[in-house]
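The values are calculated or read from the model by the stated rules, or taken from the named source; none is laboratory data. Note that the coordinates shown come from a computational prediction; the quantities given were computed from them, not determined experimentally. Here the Cβ positions follow ideal geometry from the backbone for every residue, glycine too, while neighbour counts run over all protein chains shown. Keep in mind that these areas ignore ligands, DNA and RNA; they rest on the heavy atoms of the full protein, side chains included. Shrake-Rupley method; radii C 1.70, N 1.55, O 1.52, S 1.80 Å.
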Amino acid sequence: MGSNMAENHPVGFQWVMEAKRRGARIIHIDPRFSRTSAMAHDHVPLRAGSDIAFLGALINYAITNDRCFREYVCAYTNAITIVSDDFRDTEDLDGLFSGFESESCKYALGSWQYKGFEAGAAAGHRELIGEQAHGAHGGHLAHGDPPYVDHTLEDPRCVFQILKRHFSRYTPEMVEEVCGVPRERFLEVAEAVCDNSGRERTTAFVYSVGWTQHTVGVQYIRAASILQLLLGNIGRPGGGILALRGHASIQGSTDIPTLFNILPGYLPMPSAGSEDDLADWIQLSSPPTGYWGHAGDYMTSLLKAWWGPVATEDNDYCFDYLPRIDSDHSAYAALLRMDAAEVEGYLVMGENPVVGAANGKLWRKALGKLKWLVVRDLVEVETASFWRDQPDCQTEVFLLPAASHVEKSGSFTNTQRLLQWHHQAIEPPGDCRSELWFMYHLGRRVRERLRDSDDPKDRPVLDLTWEYPTEGPSADPSAEAVLREISGYRIADGTALDAYQQLADDGSTACGCWIYCGVYANDENQAARRRPGSEQTWVAPDWGWAWPLNRRILYNRASADPSGRPWSERKRYVWWDDADGKWTGEDVPDFVADKAPDYDPPEDAQAEKALRGDEPFIMQADGRAWLYAPSGLVDGPMPTHYEPQESPIDNLLYGQQSNPARRQRARADNAYHRVGDERFPFVFTTYRLTEHHTAGGMSRWLPYLSELQPEFFVEVSPALAALRGLRHREWATVSTLRAEVEARVLVTERITPLRVSDREIHQIGLPYHWGENGLARGDSANDLLSLALDPNVQIGEYKAATCDIRPGRRPR
Amino acid sequence: MSVEVRTYHGRQVLKTPVWTPEVPWYFFVGGMAGAAAPLALGAGMSGRPALARRAWLLALAGVGISPVLLISDLGRPERFHNMLRVFKVTSPMSVGSWALAGFGTATAIAVGGELLGLPGGAAAKPVAAALGPVVSTYTAALIADTAIPVWHEARTELPFLFAATSAASAGAALTLVTPAEEAGPARRLAFAGSAAALALLETMERRLGPLGEPYREGDAGRFGKAAKALIGAGALGLGTLGRKSRAVAAASAAAVLAGAALERWSVFRAGFQSAEDPKYVVGPQRERVAARGA
Amino acid sequence: MSAQQRMGFFTDTSVCIGCKACEVACKEWNDVPEDGLEFTGQSYDNTGELGASTWRHVAFVEQGSADDMDFRWLMSSDVCKHCTSAACLEVCPTGALFRTEFGTVVVQPDVCNGCGYCVAACPFGVIDRREEDGRAWKCTLCYDRLKDGLEPACAKACPTDSIQFGELEDLRVRAQGRVEELQADGVAEARLYGDDPSDGVGGFGAFFLLLDDPEVYGLPPDPVSTTRDLPDLWKHTALAAGALVAGVAAALVGRSR
Ligand SMILES: Nc1nc2c(c(=O)[nH]1)N[C@H]1C(S)=C(S)[C@@H](COP(=O)(O)OP(=O)(O)OC[C@H]3O[C@@H](n4cnc5c(=O)[nH]c(N)nc54)[C@H](O)[C@@H]3O)O[C@H]1N2
Ligand SMILES: Nc1nc2c(c(=O)[nH]1)N[C@H]1C(S)=C(S)[C@@H](COP(=O)(O)OP(=O)(O)OC[C@H]3O[C@@H](n4cnc5c(=O)[nH]c(N)nc54)[C@H](O)[C@@H]3O)O[C@H]1N2
Ligand code: SF4
Ligand code: SF4
Ligand code: SF4
Ligand code: SF4
Ligand code: SF4
Ligand SMILES: [Mo]
C-alpha cells in the first residue's frame, strides 16, 4: 500500500516475486494500476489520500470480528494500559483530540498521557517543533509497567477499549464512501489479511512515499503499526511494516542525519532555553527505563568523537558546542525565509529542489533572493541553472562537480538498516570530488582561516577532531577511517568497540553514532562482508552489517511467546534456550542475551534492566509496543482520517476536515483550493517511474534512460479523456492555482474513476521527474503543488491534491 | 485481407527491407542483360550479326551498370568485395554475386572478342549465355528467400515472372535498336516474354489469395496496374502491327520496357507493404496454425 | 567434438516486471547507441521494437478494461531468437553472420558490408541495419562475456530472473516445469513459445513463456525460416532460367530475320 515496489525497488521486488512463487498472496492497494499491480494477485484502487479510512477499517474489522492475536496483544502491546482521565478522543470532539489550541493550531499533549503520568508530562516542547522524543516521560515505571493497567482489556479507559471506540466508525460502508473501494473488495482484503496472521502465519505491509507524503503521513504508518500489532505481525519473520526508502543511502542519512532536529542515532537536538547543559538534555531525552535510558552514554560518546580531548567532564563534554534549536529549520521553513530575503547563502548538496520539491515556482523565486548558492551535483541541475530564466537575478551560483558513487568508497545503508560497503571503481574525472573530500577540505580551510581567532564562537570548529588519513591523487579522506570513528573506539588505547553496550558516559569511549557501534568491530569493516547467500543461513548474517549489532529483524524477542518459546515452529526465529540460559535462534536476539523470560526487575532497576523478561520492545519505556502513542506525535495519539489539504469532498467521518495540526502557509504564491472548488474538480497524485530517478539529475541526462521515458506525460482514464476531450499522445495542460504545466496525454485503463461519496471522482497521475535541462525535458509536476506539510516530519503532501486538466499546450 | 489479427499496438512484426531504389533498377537492368546474352549467342550462331553485336553490347552495358547499382545499395560500399569472401548456396545473394561476377567477366571477354577480335571471345560467349539467365532469375530467388510474405509465398511464380520480364525487356530493348531485318527474334522474344509475364502475374496473384492484396494496393498496385497496361499494350502492338510497322514496333517496345521496369517496382514495393502491415505476416501464420490444429 | 553445450535464454515473461534493466544493461555492456527520444504512447513502451540499436526490447500490453477485474498488464522482454535454422545467417552473403561455439548467431561487424539481406530474411524482424553506420546489428548473446565465462549482461541485470541463461537443454526442461507449475496455479494461458525443435526455425536458442498469443507481443505465431524452402526455390529458379533459354531459342527459330 502506498508503494510501487516493482517500479521503484525492482531489485528488492525479486523477493516479492520469490514469495509469490512460494505461494504468498500479493495485494496492491494503490490509486493506479502500476507494474506492481500487474504482478499482484489483486489490485484495489482507492482514492489518493484515503488510506487511514481503509486501514482504520481493517483495525475495526480485526477488533470487532475477534481476529486479533490476543495473547500477543495482551503480552506485548500497551493495550492494557489505562489512559489519563483527561484524554478526549475524536469520537468526543468531532475529529479533534483533547488539547487542541486553535490559536497556534497545535496540541498540548498532556492529556494524552497514561493515567498517573499527567503531572510531569511536560516534554511537549520537543513535539511543538516537530521532533520526536523518546519514551513516555514524566513518571517512573515500576517493573516496566505503567501504574494503571487492565489485563482483561475491559476497562473503558484502557488503550484497547479506546482504540476500539476510536475506530468503530471505520466500517466497510465508510470505506466504500470515502476510499471508493466497494465493500466486498474491502472485505476480501480484510479476510485475506486476518487469515494470514496469527500464530502460524504472518503478513507484511510494504509502504513507501504513497503513505508518507500526506499532511497526515506519519499517522498512515501508525495505522499500519496498530493493525500489525493487533495481528501479531511485528518482530516476527514474514511480518513487519516495511518502509521502502528512497535514495541508496537515505536510511543512512536519517541514521546519521542531514536533518536539523536530530543528531546521529536519533538523539534529539537540544533546544534553546530548556537544555542548557548535558544533565538537562539527559533528563529530557533519557527515560529511566528502556534502552533510551542510556542516552547519556550515547551522547557523551558522540561528543567525545567530535571534540576528542577537548571534551571533558569539566566542560560538560563540549555540550555547549552543539547548536540549539530555536524554531523550525526544515527545508520548507528555510525556503520561506529565503523568500523573505532572510537567508544569505545556501548549500545544496545532491538535491534538486527546483524540480523535486513542491511549488517549484516559489523555489525559483526564493533562490533568486540569495546572495550566493552552492550546488554540488553530477550535472547542471535546474537548481543550479534557475537564474538563466531570471534576467535580473543577482544570486551568485557556484556549481561544484561531485564524484558519483562509483568514484568513491563508502557505505550505503538500505531500507533494512543494512550497511553495504562499496569500493571506488574509478577516479573521479576532472574537478569532481566526493562529499567527504569537500567537507573535509572545506573544514580544513575554514579552520586554517580561523586559526588565530580568539572568538569563542569559533571554538566548536577549531576544537573538532579533524584528522583523517587521505588517499589517492585528490587527497580524498579515507571513508573507512570515518566509518571506524562512527563505529567507536576506546579513548585510552584507540581500540575499536564491538557493541553499543560498551559505550559509557564517563568520557572513556568515542562513538559517532551509537546505533552503528560495532560496524567496525574487531577493527574490520563489517559492512564490507560479502559471503554469498548460498554459503550461509537464510537470514544471511554474513552479508554486510545491519544496525544495531547486526540484527536483521528488530524486536525479534516478539517472535517467541512470553515464556520464550516460538509462537509456532513454522515461524520460529529467536527463542530462549533453557539449558544455555540465553536467547538464541536464527538472528542476533534483539534482547539482553541472558535475560530470562521470567526476569522480574528489582525495584531500583534502570534502563533495559527495568524491563521484564517478557517485554520485547526494548526501546520503549514500558517495553511494549504502542497501539496508542501517549507521546512522540504532535497530531494525535491514534490515527484519524483527515482529508488532504485539497480534496474534492468533505470529510465524511468528522466535522474536522483536515489534520488540524498540519503545517500550511496560505499566501498568494502558495494558494490552496477550497473543498469542492469547481475550477479544480479532479484529484491528482504524483509518483515515480522505473525509468527515471526523482528530480532527474541521475536519469534525464543519460541517453539510455531518457529514451525509455522521453517526455513528461499525464495518465488519465478513458472516461476523463472523453469528458475533457483529451487526445492520446497529444498535449494537455494541468492547472492549479500555483501553476500550469503541459504534458503528453497517456490515456489508459490503468487509471479508473472511483465512486466516492456518491460522486464519480477522476484521478490524474503525474510522474514528477522532468525539468527543463538534460536530454529528456519537460515541465515539472511539482510546480503544481503547494506547501502543505505533515506536522511531525515536515514532509510535503505530494500525493493528493486537486487540479483541472484541459486539452492543448499551456499558454507561454 | 479481411481477417482481423491481433497485433502489438498495430506495429509491424517484420522489419521493412532496407533496400534502396537501386535494387529494383538492378533487377531490371541485370535481368535484361542476363536475357540479352543467350540471345546474342543465338543471334550470332544463327547468322544475325547486327542483332548479336547489339545484344552483346546490351548485356555488357547491363552488366556494367549492375555492380554500380548494387554497391551503392550497400551500407558499407567500400566492403562490397566481401560478397566474394565466401560462396554459399544458402544465400541467393552469394550465388548471384558469383554469377554476376562470372557473367560480367564472360560478357566483357565475349564483347572483346565480338567487337575487337580479342582472344577468348569464342570460349566466353557460351559461358556468358549460360550465366545470363541465372543473373536474370536469381534475383527472384533472392527476394523469395526472405521472410517477406508476398515474396516468399510467391516463390513458385517469381523466378518465372522475372525470367519473363527479363526476356521481354531484353527483347524490347533490342527491338528498338536493331535494324528491322534482324529484329524479328527480339520482337518475338519481347512478345513472348510479355505474354508470359501477364499470364504469370495473373496466376501469382490468384494463387496468393488474400496475400495478393499488397500487389494491388498502394504504390505496388499503381505500378502493377501501369505495368500490366504497358506490357499488354506493348505485346499487342508487337504481336500485330509491330510486325510490319517500324514505328509501332518501337513504340510497343518502349511500352514493354517501361512496363517491365514498373513490374519490378511493383513487386519490390509490394514486399515493403506486406512487411509493414502485420496482418500479412500474422494472418497467414495464424491460418497455418489453425490448419495444423484442425 | 567440443564439449561446449548450446547456450541460450529462457525468458519467463510471467515474472517480468517491466523494469527495462535488461535494455539498459545490454546497451551499457555493448555500447549500443541511443535509439531516439520518442514518446510513443504505447503503454510504457517507448522503445517500440528490436532494431539495430535496441537488442533487448520490453513489450507492454494492457488488456481489458479497468472495470473488469481481469485487467492485465503483460510485460515481456524480447531478444534475438538465435534460431536453430537462422535465416539471417544462412542468407548472409559475406559470412559476417556466423554460428559460435555456443550455438549462438553473431554478426562480425568487421565483415558485414551492410547488404541488408539478413534484415529481410529474419522472420522475427530482429536484425536491422543501423543507418548511421551502414552495418547490421543485433544481440550477440554477449559473445564476449560468454567467452569469459560470464552470463549475458541482460540476464545478469534482470532482478526477477525473468531472463534465464543456461544450457538450452536444461532451460527447456526448466521451462516445461514452469509452465506446468503455472497451469496448476490456474494460469491456463501460460504457454511456451519457441521451445519446439520441430518448429519452422528448428527451435529458438532464446525461447519464451508467454501468457497470450505471440502476436499480442509482436511475435510471429508460426515463424518459418525462409531457407527451409530454398531447395524448392532453387529448382524453380533453374527451371525459370531454362525456360528463358528455351524462350530465346524459340524466338530465334522464326522465319523472319
Ligand atoms: N526507479 C526509481 N526508483 C526509485 C526512485 C525513483 O525516482 N526512480 N525514487 C526513490 C525514492 S527517493 C523513494 S522515496 C522511493 C519511493 O517509492 P514509492 O513510494 O514506491 O514511490 P512513488 O511512485 O512516489 O509512490 C508510490 C505509489 O503511491 C501511490 N499513491 C499515491 N497516493 C497514494 C495514496 O494516497 N495512497 C496509496 N495507497 N497510494 C498512493 C502512487 O500511485 C504510486 O504508485 O523510490 C525510490 N526508488
Ligand atoms: N511531487 C513530488 N515531489 C516529490 C516526491 C514525490 O513523490 N512527488 N518525492 C520526494 C522524495 S521522496 C524525494 S527523496 C525527493 C527527491 O528530490 P531531490 O533530492 O531534489 O532529487 P534528486 O534528483 O534525487 O536529487 C539528487 C541529486 O544528487 C545528485 N547526486 C547523485 N550522487 C551524488 C553525489 O554523490 N554527490 C552529490 N553532491 N550529488 C549527487 C544527482 O545528480 C541529483 O541531481 O523528491 C521529493 N519530491
Ligand atoms: S537502484 Fe539500488 S536501490 Fe534502486 S532498485 Fe536498484 S539496487 Fe535497489
Ligand atoms: S531471430 Fe532473426 S536475427 Fe535472430 S537468429 Fe533468428 S533469424 Fe537471425
Ligand atoms: S547486412 Fe551484413 S550481416 Fe546482414 S546479410 Fe549482409 S553482410 Fe550479412
Ligand atoms: S545477450 Fe547481451 S547482447 Fe544479447 S540482449 Fe542480452 S545483453 Fe544484449
Ligand atoms: S530486466 Fe527482467 S524483469 Fe526487468 S524488464 Fe527485463 S526481463 Fe523484465
Ligand atoms: Mo525519497
* Taking a probe of 1.4 angstrom, what is the accessible area of B:HIS9 in Å², to the nearest 10? -> 80
* Anchor A:LYS609: aspartates and glutamates whose Cα lies under 15 Å away (excluding residues fewer than 8 positions away in-chain) -> A:ASP145, A:ASP590, A:ASP594, A:ASP598, A:ASP600, A:ASP622
* To do: Please report, to two decimal places, log10 I(q)/I(0) for chain B at q = 0.07, 0.11 Å⁻¹ as given by the Debye formula with identical point scatterers on the Cα atoms and no solvent.
  => -0.28, -0.65
* Structure fact -> With bins of 5 Å, the percent of all Cα-Cα pairs of region C:27-73 per bin from 0 is 5, 20, 21, 19, 12, 10, 7, 5, 2
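With +1 on each Lys and Arg Cβ and -1 on each Asp and Glu Cβ, how big is the dipole of region C:108-160 about its Cα centre, in debye rounded to the nearest 20?
Details: 7 positive and 8 negative charges, 29 e Å.
Dipole about the Cα centre, nearest 20: 140 debye.
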* To do: Would you please name the trypsin sites (Lys or Arg not before Pro) within region A:447-478 that are DSSP coil residues with at most 15 other C-beta atoms within 10 Å of their C-beta?
  => A:ARG451
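Can you say what percent of the DSSP beta bridges in the protein assembly as shown, counting only those with both residues inside, are antiparallel? Round to 5. Mind dumping the intermediate values first?
Working: 67 of 102 bridges.
So the antiparallel bridges in the protein assembly as shown amount to around 65 percent.
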* Over 15 Å [Cα-Cα, region A:404-448], rounded percent -> 55
* Among rounded, prolate and oblate, which fits region C:109-195 when a ≥ b ≥ c are the square roots of the eigenvalues of its C-alpha gyration tensor, a/c under 1.5 means rounded, and a/b larger than b/c means prolate? -> prolate
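I'd like the antiparallel share, as a percent to the nearest 5, of DSSP beta bridges with both residues in region A:710-774.
Values: 9 of 13 bridges.
So the antiparallel bridges in region A:710-774 amount to around 70 percent.
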* Asked: Which loop trypsin sites (Lys or Arg not before Pro) in region A:499-551, with loop taken from DSSP, have no more than 13 other Cβ atoms within 10 angstrom of their Cβ?
  -> none
* **Value in Å of the Kirkwood radius, where region A:589-676 supplies the Cα pairs that are averaged** => 17.0
* Structure fact -> For region A:330-447, one quarter of the surface area of the C-alpha convex hull, expressed in nm², comes to 9.1
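What number results when the radius of gyration of chain A, computed over Cα atoms, is divided by 2.2 N^0.38 Å? Each step should come with its number before you reach the end.
On the way: Rg = 26.3 Å, N = 812, 2.2 N^0.38 = 28.1 Å.
Compared with the compact-globule rule of thumb, chain A sits at 0.94.
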* Cα principal axis extents for chain C, largest first, Å -> 81, 45, 44
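Accessible area, 1.4 Å probe, largest first: how do A:ILE52, A:ILE241 sort?
Working: A:ILE52 0, A:ILE241 40 Å².
Descending accessible area places them as A:ILE241, A:ILE52.
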* Computed over the Cα atoms, what is the radius of gyration of the protein assembly as shown divided by 2.2 N^0.38 Å, N being its residue count? -> 1.15
* To do: Would you please report the Å³ per residue occupied by the convex hull of the alpha carbon atoms in region C:153-257?
  => 171
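How much of the pair distance distribution for region A:555-704 lies past 24 Å, counting alpha-carbon pairs only, in percent? It would help to have the intermediate numbers written out before the result.
Details: 6946 of 11175 pairs.
Summing the P(r) tail past 24 Å for region A:555-704 gives 62 percent.
Give the percent of DSSP beta bridges with both residues in chain A that are antiparallel, rounded to the nearest 5.
Details: 45 of 76 bridges.
Taking every DSSP beta bridge with both residues in chain A, the antiparallel ones total about 60 percent.
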* Asked: Which residues of region A:1-22 bury at least 50 Å² of accessible area once all protein chains are present, versus their chain alone (1.4 Å probe)?
  -> A:MET17, A:ARG21
* Using the C-alpha gyration tensor of region A:366-515, what are the square roots of 5 times its eigenvalues, in whole angstrom, with the largest one first? -> 33, 22, 16
* Calculated P(r) tail over 22 Å for region B:19-101, as whole % of Cα pairs -> 33
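Would you calculate, for chain B, the mean residue ellipticity at 222 nm contributed by helices, counting each DSSP H stretch of 4 or more residues as -39,500 (n - 2.57) and dividing by all residues, to the nearest 500? Walk me through the numbers on the way to the answer.
Values: 11 runs with 215 residues, N = 294.
Rounded to the nearest 500, the figure is -25000 deg cm²/dmol.
For C:LYS81, C:LYS156, A:LYS408, give me the order by solvent-accessible area with a 1.4 Å probe, most accessible first, ignoring ligands, DNA and RNA. Can you show the working numbers first?
Details: C:LYS81 0, C:LYS156 135, A:LYS408 40 Å².
Reading off the accessible areas and sorting them downward yields C:LYS156, A:LYS408, C:LYS81.
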* Amide H within-cut-off set for A:LEU726, under 5 Å, with H built and near neighbours excluded -> none
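What do the square roots of 5 times the Cα gyration tensor eigenvalues come to for region A:212-271, in whole Å, largest first, as semi-axes of the equivalent ellipsoid? Can you show the working numbers first?
Details: eigenvalues 124, 42, 34 Å².
Whole-Å semi-axes of the equivalent ellipsoid: 25, 15, 13.
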* Given A:HIS641, A:PRO616, A:LEU627, which one lies farthest toward the positive end of the charge dipole of region A:580-661, if we put +1 on the Cβ of every Lys and Arg and -1 on the Cβ of every Asp and Glu? -> A:HIS641
* Asked: Where a Cα-Cα gap under 17 Å defines reach, which lysines qualify for A:LYS361, not counting those fewer than 8 residues away within the same chain?
  -> A:LYS369
* Fraction in percent of alpha-carbon pairs per bin - 5 Å, region C:207-257 -> 5, 15, 13, 9, 9, 9, 9, 8, 6, 6, 5, 4, 2, 1, 0
* To do: Could you give the spread of the C-alpha atoms of region A:1-85 along their three principal axes, from largest to smallest, in whole angstroms?
  => 48, 30, 22
* Relative contact order, percent, chain C [alpha-carbon distance under 8 Å, six or more residues apart] -> 25
* **Length-normalised contact order of region B:100-202 in % [C-alpha pairs under 8 Å, at least 6 apart]** => 19
* To do: First compute the accessible area of chain B with a 1.4 Å probe, then give the percent of it belonging to carbon and sulfur atoms.
  => 67
* Structure fact -> Treating only Lys and Arg (+1) and Asp and Glu (-1) as charged, each at its beta carbon, one finds that region A:390-522 has a dipole about its Cα centre, in Debye to the nearest 20, of 200
* Positive dipole terminus of region C:121-257, leading residue within C:ALA241, C:ALA155, C:PRO197 (C-beta point charges) -> C:ALA241
* Asked: For region A:482-596, what class follows from the C-alpha gyration tensor (a ≥ b ≥ c being the square roots of its eigenvalues): rounded when a/c is under 1.5, otherwise prolate if a/b is larger than b/c, else oblate?
  -> oblate
* Asked: Going toward the positive end of the dipole of the protein assembly as shown, with +1 on Lys and Arg Cβ and -1 on Asp and Glu Cβ, which of C:GLN183, A:LEU554, A:ALA510 do you reach last?
  -> C:GLN183
* Have a look at region A:572-639 and give its Rg and Dmax from the Cα atoms, expressed in angstrom. => 14.5, 48
* Asked: Cα to Cα, under 13 Å, and not fewer than 8 places away if on the same chain: which aspartates and glutamates meet these conditions relative to A:LYS799?
  -> A:ASP30, A:ASP51, A:GLU643, A:GLU646, A:ASP790
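When Lys and Arg each count +1 and Asp and Glu each count -1, what net charge do the other residues less than 12 Å away from A:ILE29, Cβ to Cβ, add up to? Please report the intermediate quantities before stating the final value.
Working: positive: A:ARG32, A:ARG47, A:ARG185; negative: A:ASP30, A:ASP42, A:ASP51, A:GLU188.
Net local charge, A:ILE29 excluded: -1.
Taking only DSSP H segments of four or more residues, each worth -39500 (n - 2.57), what value at 222 nm results for chain A once the sum is divided by all its residues, to the nearest 500 deg cm²/dmol? Don't skip to the end; give the middle numbers.
Numbers: 24 runs with 188 residues, N = 812.
Using -39500 (n - 2.57) per qualifying helix, the result is -6000 deg cm²/dmol.
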* Once the principal axes of the Cα atoms of region A:692-812 are found, what is the range along each, listed largest first in whole angstroms? -> 45, 41, 29
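About its Cα centre, how strong a charge dipole does the protein assembly as shown have in debye, to the nearest 20, once Lys and Arg get +1 and Asp and Glu get -1 at the Cβ?
Working: 134 positive and 175 negative charges, 1750 e Å.
Here the protein assembly as shown has a charge dipole of around 8400 debye.
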* Structure fact -> At q = 0.18 1/Å the base-10 log of I(q)/I(0) from the Debye formula over the alpha-carbon atoms of region A:623-716 is -0.96
* Structure fact -> With -39,500 (n - 2.57) per DSSP H segment of 4 or more residues and division by the full residue count of chain C, the 222 nm estimate, nearest 500 deg cm²/dmol, is -8000 deg cm²/dmol
* Structure fact -> Computed on Cα atoms, the radius of gyration and Dmax of region C:1-112 in angstrom are 17.3, 59
* Asked: Of B:LYS15/C:LYS27; A:LYS365/A:LYS408; A:LYS20/C:LYS156; B:LYS15/C:LYS235; A:LYS20/A:LYS164; A:LYS408/C:LYS81, which sit over 29 Å apart, Cα to Cα?
  -> A:LYS365/A:LYS408; A:LYS20/A:LYS164; A:LYS408/C:LYS81
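In nm², what is the average projected area of the convex hull enclosing the Cα atoms of region A:548-589?
Details: hull surface 11.7 nm².
So the mean shadow area of the Cα hull is 2.9 nm².
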